[in-house]
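The values are calculated or read from the model by the stated rules, or taken from the named source; none is laboratory data. Since the model is a prediction, treat every value here as computed from it, not as a measurement. Backbone-built Cβ (ideal geometry, glycine too); neighbour counts: all protein chains shown. Side chains included, ligands, DNA and RNA excluded: accessible areas come from the protein's heavy atoms. Shrake-Rupley method; radii C 1.70, N 1.55, O 1.52, S 1.80 Å.
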Amino acid sequence: MAGTVNTYRRVIALTGPLLPLLSFLARLPVAMSQFGSVLLVAETSGSLATAGIVGGTLSAGQVVLGPVLGRLADRHGQRPVVLTAAAVNAVATGALVAGALGGLATAPLAAIGAVTGASVPLIGPLARTRSVALAHRAKADEGVVGAVHSLEGTLDEVSFVFGPALVGLAALALHPAVALGGAAALVAVFGTAYALHPTAAVTDGGGAQVGAPRERGARGRHPRVVHAVRGSLFLQGAMFGACQAGIASLTARLGVPGQAGIVYAAMGVVSAAVGLALGALPARFGLRLRWRAATGAALVLSVPLLFTDTLWPLYAVVTVLGAAYAPHLITAFALTERAVEPARLAEATAFAASALVAGQAAALAASGRLAEWYGPAGAFAVAVAAAATALLLALVTRVPAARAHPAAPQVFIPAQQTASPNPAGSPSRPGSPSAPSAPSGPSAPSGRSGSSGPSGSSYAGR
């Protein structure tokens, strides 16, 4: 336990205490907008079909434009991209609220929904990219880099739980418009604050423009594992969507539809807790092993859903199933980070996040229809099939050794004056006020070779 706490202290020493808080608050609107738009349009139009269309276009906008925003962040830096996206998203979300309250027709509402989704600032993927860049700049060991992924994955999970919960509470107490208006305010304030945080300088986009030969290499093909991981995330999104449909169907059948959100939230809380604990896992448990273990656990723990038909067993099964979700999510993003060119990391993580959203949207639509035809088991069968396919993908995909990462630009973070990512008694890290900067040329150690850590073998390749 003490080792885990110390590891996360080293992560906070890298980022400063304010950055995780800002990134978490800036993530909430992403989790709020999808659910909030459906509730708002359903309330104002009286049509679930219209609400589904608007929610679907919002998801489609995020899936299609998310990787584009990531590429722009790689080329031009996070600060201008996030500032622009946050401003457009806040205005678009406000327009969606005004249009729904004003009785706008389905087509223009759907168009506004598409703009809202397309302008989502993608704080989750970009925060991962920024925190990992800070870790590489400090020459942090693989334990700290792994803890970065665990912390970012946990923040994602918690935002996915609390975002819809806030929407539900606001809708019950006041009106869905209040929830979406709150999302617009959050993205405007905290999205802007995240963009202006001093650590944005570490991802200033300069690495993508060093010269023509490097640029051509940076635009080359990704390793196969990157595409396999995207497929695995699509399948995890499918599990999310199928579980949502199955839980909603079963709680409605039992006459307690209000329990659906609580059941899903319980799964998210357990998932977040396990994700945070993953930071304590030793580096000898490589990413290939973690990927296979997480997908295998998801399959084993999802099968009981097929035989669940009462409320308390549903709570038990879904809550335990949550323990498999965060490890897979964290491992998938860690595999992406280790496989892609550093100059394309924001684009790659944005693409991965978009795959998750696409899988959830597709499965929610398909499993909802199956639940109508065959009951909750029809929806849960989609989750089990997705878990089985994800395990097969993990078993047949070769995970290469980690890619070497060049040193990131040196930036000053006030919190690092008094905190160091290195354990007590270790030498001060390069770039700190008490240590000279390491050379940035080819002779500088990257800390990201294929045989890292005390074990002398590749962290990613096992």
How many of the residues making up the range 345-365 are modelled with pLDDT under 90 and closer than 18 Å to A248 by Cβ?
6
Within the range 301-309, is even one residue buried (at least 23 other Cβ atoms within 10 Å of the Cβ) and within 21 Å of S354 (Cα to Cα)?
no
Long-range neighbours under 7 Å by Cβ, at least six apart or interchain, first residue part of a helix (DSSP H, G or I) within the range 49-70, second acidic (D, E) and buried (at least 22 other Cβ atoms within 10 Å of the Cβ):
P67/E347; G70/E347
Answer yes or no as to whether A195 is more than 17 Å from the chain's Cα centre (by Cα) and buried (at least 23 other Cβ atoms within 10 Å of the Cβ).
yes
Of the residues R344, R338, only one is in contact with a helix residue (DSSP H, G or I) (Cβ under 8 Å, 6 or more places away or on another chain), surrounded by fewer than 24 Cβ atoms within 10 Å (Cβ to Cβ) and of a type in the set (D, E, K, R); which?
R344
Test for A324: is it of a type outside the set (V, I, T), open to solvent by 50 Å² or more (accessible area, probe 1.4 Å) and under 23 Å from the mean Cα position of the chain (by Cα)
no
Which pairs have Cβ atoms under 8 Å, sit 6 or more apart or on different chains, and link a residue in the range 370-399 that is more than 16 Å from T331 (Cα to Cα) to one that is outside any helix (DSSP H, G or I) and open to solvent by 50 Å² or more (accessible area, probe 1.4 Å)?
P376/D309
If you check L281, L289, L250, which single one turns out to be among the hydrophobic types (A, V, I, L, M, F, W, C) and in contact with a Leu (Cβ under 9 Å, 6 or more places away or on another chain)?
L250
Hits in the range 221-235 - residues which are touching a residue at least 60 places away in the same chain (Cβ under 8 Å) and not in a helix (DSSP H, G or I):
H222, P223
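Out of the residues in the range 246-281 that are of a type in the set (V, I, T) and touching a Pro at 6+ places or on another chain (Cβ under 9 Å), which is farthest from T319 (Cα to Cα)?
Pass one, the range 246-281, residues of a type in the set (V, I, T): 247, 251, 256, 262-263, 269-270, 274.
Narrowing further to those that are touching a Pro at 6+ places or on another chain (Cβ under 9 Å): 247, 251, 274.
Numbers: I247: 12, T251: 15, V274: 11 Å.
Top of the filtered list is T251.
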State whether the residues of the range 59-81 include one that is under 21 Å from G181 (Cβ atoms) and in contact with a Leu (Cβ under 7 Å, 6 or more places away or on another chain).
no
Quick one: A111 ticks every box in (1) out of contact with any helix residue (DSSP H, G or I) (no Cβ under 7 Å at 6 or more places or on another chain); (2) modelled with pLDDT under 95 except a single one, so which number is it?
(2)
Count - residues of the range 135-160 that are open to solvent by 20 Å² or more (accessible area, probe 1.4 Å) and either small (G, A, S) or at positive phi (or both)
2
Can A277 be described as more than 20 Å from A31 (Cα to Cα), out of contact with any strand residue (DSSP E or B) (no Cβ under 6 Å at 6 or more places or on another chain) and surrounded by fewer than 19 Cβ atoms within 10 Å (Cβ to Cβ)?
yes
From the options A98, A90, A42, residue that is touching a helix residue (DSSP H, G or I) at 6+ places or on another chain (Cβ under 6 Å) and at pLDDT 95 or above
A90
In the range 96-124, the residues that are of a type in the set (S, T, Y) and either open to solvent by less than 40 Å² (accessible area, probe 1.4 Å) or outside any helix (DSSP H, G or I) (or both)
T116, S119
